[in-house]
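In what follows, a single structure is set out as structure tokens and then discussed.
The values are calculated or read from the model by the stated rules, or taken from the named source; none is laboratory data. Computed from a prediction, not measured in an experiment: that's the story for all the values here. Virtual Cβ from ideal backbone geometry, glycine too; neighbours counted across all protein chains shown. The accessibility values were calculated without ligands, DNA or RNA, using every heavy atom of the protein model including side chains. Shrake-Rupley method; radii C 1.70, N 1.55, O 1.52, S 1.80 Å.
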Amino acid sequence: HRQPRRTGVGIRLSEASVTPGLLTQVGLALRGTFRFAGRSRRSELLSYLVFQLAAVGVASLVSGFVLDRLTHDAMALTLSVILALPMVALTVRRLHDFGAKAVWAVPIFALAGYNTAMSIAALTHGAEARLAAERVLWPLDWLAIVVVMGALVVAFAPGTKGPNRFGPDPRETA
């Protein structure tokens, strides 16, 4: 019997259920930015999401003290979009993990695109422009609730045990 080993975040795990550490998972997500084939673990998606939110949060906090409002908002939006790029392939690989096709990611990305477009409208034409657009498009907010629930399923649903048509179980190949 082997001794439990320490992961990158300092948690002891038995060899039977080894989950790579946070930084290892973030590295996997970044290296897979343009890899849509195969499957990804829940922990890879959630680790990258934590990293993404922390990076944008820290950068926004720091830039909020040293930059004017418009530059700060533009920097935060740009950083958010850049750090969201790996999430596209990562979401597709998560869908593959439980046997779903990539097309199911389209509503998630459409919602992200809508929010990004609204933020760009506010940056370029002021908050009034965003509010005017949202007055017309408010029914989409109800649809967004369904999309967010679907995104939560993608993030937290366990994958198919064993290999599926998209590849081997990532828990067995780690």
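Take LEU90 and tell me if it is farther than 21 Å from ARG42 by Cα and either touching a helix residue (DSSP H, G or I) at 6+ places or on another chain (Cβ under 8 Å) or open to solvent by less than 40 Å² (accessible area, probe 1.4 Å) (or both).
It is false that LEU90 is farther than 21 Å from ARG42 by Cα and either touching a helix residue (DSSP H, G or I) at 6+ places or on another chain (Cβ under 8 Å) or open to solvent by less than 40 Å² (accessible area, probe 1.4 Å) (or both).
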Next on the checklist: It is to be established whether one or more residues within the range 100-108 are touching a His at 6+ places or on another chain (Cβ under 6 Å) and without any contact (Cβ under 8 Å) to a residue 24 or more places away in the chain.
Outcome noted: no
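Only one residue in LEU67, LEU123 is open to solvent by 40 Å² or more (accessible area, probe 1.4 Å), touching a Leu at 6+ places or on another chain (Cβ under 7 Å) and over 30 Å from GLY21 (Cβ atoms). Which one?
None of the others qualify; the one that does is LEU123.
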Next on the checklist: Name the single residue that is most open to solvent (accessible area, probe 1.4 Å) among those in the range 70-87 being within 21 Å of VAL26 (Cα to Cα) and β-branched (Val, Ile, Thr).
Outcome noted: ILE82
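For the range 50-64, give me each residue that is of a type in the set (A, V, I, L, M, F, W, C) and either over 15 Å from the mean Cα position of the chain (by Cα) or surrounded by fewer than 16 Cβ atoms within 10 Å (Cβ to Cβ) (or both). Walk me through it before giving the result.
Just the residues of the range 50-64 that are of a type in the set (A, V, I, L, M, F, W, C), to begin with: 50-51, 53-56, 58-59, 61-62.
Result: VAL50, LEU53, ALA54, ALA55, VAL58, ALA59, LEU61, VAL62.
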Next on the checklist: Which condition from (1) without any contact (Cβ under 8 Å) to a residue 12 or more places away in the chain; (2) within 19 Å of the chain's Cα centre (by Cα) is the one that THR116 breaks?
Outcome noted: (1)
Checklist entry - Do we have VAL81 as within 17 Å of ILE108 (Cα to Cα), of a type in the set (Val, Ile, Thr) and in contact with a Ser or Thr (Cβ under 7 Å, 6 or more places away or on another chain) here? => result yes
Next on the checklist: I'm checking my understanding of the structure. Among residues of the range 33-49 that are part of a loop (DSSP other than H, G, I, E, B) and under 19 Å from ASN164 (Cα atoms), which one is least open to solvent (accessible area, probe 1.4 Å)?
Outcome noted: SER40
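Starting from residues that are open to solvent by less than 20 Å² (accessible area, probe 1.4 Å) and either at pLDDT 90 or above or touching a Leu at 6+ places or on another chain (Cβ under 7 Å) (or both), keep the ones in the range 12-32 and report whichever is farthest from ALA102 (Cα to Cα).
Of everything passing the filter in the range 12-32, ALA29 is farthest from ALA102 (Cα to Cα).
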Next on the checklist: Here's a check for you: in the range 121-174, which residue that is among the aromatic types (Phe, Trp, Tyr) and in a loop (DSSP other than H, G, I, E, B) is farthest from the chain's Cα centre (by Cα)?
Outcome noted: TRP138
Checklist entry - In the set PHE65, PHE51, which member is under 23 Å from ALA127 (Cβ atoms) and not acidic (Asp, Glu)? => result PHE65
